[in-house]
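These notes concern the structure reproduced below.
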Amino acid sequence: MKELRVALFTGNYNHIRDGVSLTLNRLVEYLERQNIPVMVFGP
């Protein structure tokens, strides 16, 4: 079985403290705790 890898795309990751960036931070932290590689793409 192939390894799961996740790519997330956003327009304001960690630039603006809003619900989207907070949720993405939580999601990335969770995935990393599960040993799932995550890449976040943003400006």
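The values are calculated or read from the model by the stated rules, or taken from the named source; none is laboratory data. Bear in mind the structure is a predicted one, so any value in this text is a computation, not a measurement. Because the Cβ atoms are built from the backbone with ideal geometry, glycine has one as well, and the counts that use them run over all protein chains shown.
Just one of (1) among the hydroxyl-bearing types (S, T, Y); (2) surrounded by 14 or more Cβ atoms within 10 Å (Cβ to Cβ); (3) at pLDDT 95 or above fails for Y30. It is (2). Scanning the stretch 1-10 for residues that are under 14 Å from G42 (Cβ atoms) and surrounded by 11 or more Cβ atoms within 10 Å (Cβ to Cβ) turns up L8, T10.
Please verify whether V20 is modelled with pLDDT of 90 or more and out of contact with any Cys (no Cβ under 6 Å at 6 or more places or on another chain), treating the condition exactly as stated. No, not satisfied. Contact annotation: residue pairs with Cβ atoms under 9 Å, 6 or more positions apart or on different chains, pairing a residue in the stretch 26-42 that is closer than 16 Å to A7 by Cβ with a partner that is among the acidic types (D, E), are I36/E3; P37/E3; V38/E32.
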